[in-house]
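One structure is given here, and the rest of the page talks about it.
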Amino acid sequence: MKKHNFSAGPAVLPAPVLKEAAKAVANYQGSGLGLIEMSHRGPEFTAIIEEANALMHELLAIPANSGYHVLWLTGGASTQFFMVPMNLLDNGETAAYVDTGVWANKAIKEAKAFGNVEVLASSKEQNYTFIPKGYKIPKHAKYLHLTSNNTIFGTQIQRMPKSPVPIVCDMSSDFLSRPVEVSNYGLIYAGAQKNLGPAGTTVVIVREDMLGKVNRYLPTMLDYRTFIAENSLYNTPPVFPIYVSMLTMRWIKKTGGLKAMHRRNKAKAALLYNEIDANPLFTGTVAKEDRSLMNICFVMTKGHEALEKEFLKETEANGMVGLKGHRSVGGFRASTYNALPKAGVQALVDLMQDFARRKG
Ligand SMILES: *Cc1c(COP(=O)(O)O)cnc(C)c1O
């Protein structure tokens with residue numbers, strides 16, 4: 001039986017994408033060679049990365065010659081935590097960060113090694129249960145770093161602040177889940193394994209005027225300009241993760257693009273949040289206005305905590321995977337990325353209702 005995959009990452013991918021990727025590994029388009037044993041400079045992979053870049057521009061409506069470049073890097077989003085300040089922030093300069101969770105915190109820690117960091121706001125004291133708003137963004141900052149979706153705590157920025165300085169955004173866990181106005185950002189980054197493809201590649205979208213403004217030596221492999229100049233092919237790129245990401249983007253396009261993704265994601269999230277709010281056994285963990293459409297966190301209502309293990313067991317017995325909450329929140333986390341069908345959410349909601357009838 002195919003499982004309902006609620007894992008936070010690596011995460012669910014569209015079934016037709018998995019099928020086609022599996023075929024390509026063994027024998028790429030009938031060539032007699034597997035994709036992962038082919039040269040990354042051959043015509044096959046050249047066509048793949050060109051299509052990946054074209055799809056990214058199309059889905060995000062990035063105009064040609066807009067100064068934005070799509071890069072395929074390695075090292076995960078965690079490498080971007082230091083690569084961003086290394087490339088954008090000179091010694092003695094200041095960058096502004098908003099602390100909305102574990103990942104934002106890690107980004108802050110790394111940035112401090114390269115310049116001054118001003119943390120404009122933090123929800124840490126309330127265990128990151130809301131997105132801070134109304135903070136003042138200093139004009140002298142080189143950039144403002146935000147995390148659009150907090151994978152662990154289940155909050156998401158629903159309206160980006162107006163910023164007098166370029167925004168750098170970690171979109172790892174909601175990338176391509178909704179339309180994004182790219183021109184509002186100086187740099188966007190996202191690890192592929194939450195909503196796009198397998199682990200092993202990180203997408204960076206950077207506006208070229210952000211670069212070339214620091215004096216320190218940048219190792220070739222850690223300089224964004226290397227990847228711009230070589231079209232992400234300075235060295236051997238992660239061929240397979242890029243291929244699968246390209247297939248996922250084909251699927252997104254075929255499914256109607258980012259507006260359609262957003263509509264589907266809103267419908268799935270509403271289905272589950274409505275049940276969390278209506279069901280006496282379960283309670284949400286974050287401010288309603290900041291609820292994530294991607295990672296839906298909830299716990300057993302006070303007084304019913306003893307039922308947690310039992311409910312988790314029942315989800316597993318019913319083919320649902322990955323619902324145990326992160327240790328810093330507890331309870332449950334349902335990750336409802338693009339590729340999770342609504343039927344998966346419906347199965348979870350049905351089980352919650354049935355559980356409440358039996359135990360409530
Ligand atoms: C998962 C995640 C990361 C870390 O990604 P890696 O690719 O494992 O380094 C960073 N930021 C966010 C928002 C994430 O969800």
inquiry  = Quick check: Cα centre of the stretch 241-271 to Cα centre of the stretch 303-350, how many Å?
reply    = 22
task = Could you check which residue among Met56, Met300, Met221 shows the biggest mean-square fluctuation in a GNM of the chain with a 10 Å Cα cutoff?
result = Met221
key: Tensor-based shape of the chain (alpha-carbon gyration tensor, a/c under 1.5 rounded, otherwise prolate or oblate)   = oblate
request  = Provide the FRET efficiency to the nearest 0.05 for the Ala15-Lys213 pair, computing r from the beta carbons and using R0 = 30 Å.
outcome  = 0.10
query = Hey, got the dipole for the stretch 1-156? About the Cα centre, +1 on K and R Cβ, -1 on D and E Cβ, debye to the nearest 20?
reply = 480
task = Could you tell me what percent of the DSSP beta bridges with both partners in the chain are antiparallel, to the nearest 5?
result = 55
ask   = What ranking of Ile36, Ile228, Ile157 emerges when the number of other C-beta atoms within 10 Å of each C-beta is taken as an exposure proxy, fewest first?
value = Ile36, Ile228, Ile157
key: Mean-position separation - Cα centroids, the stretch 78-117 and the stretch 19-41, in angstrom   = 39
key: Calculated from backbone phi, Karplus (6.51, -1.76, 1.60) coupling profile of the stretch 212-225 in Hz, x at Gly/Pro   = x, 10, 10, 8, 6, 6, 10, x, 3, 6, 10, 10, 3, 5
query = Name the trypsin sites (Lys or Arg not before Pro) in the stretch 261-353 that are in a loop by DSSP and that have at most 12 other C-beta atoms within 10 Å, would you?
reply = Lys302, Arg327
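A short reminder: the numbers here are calculations on the coordinates, not readings from a lab. As the structure is a prediction and not an experimental result, all values here were calculated from the model. Cβ atoms come from the backbone with ideal geometry, glycine included; neighbour counts cover every protein chain shown.
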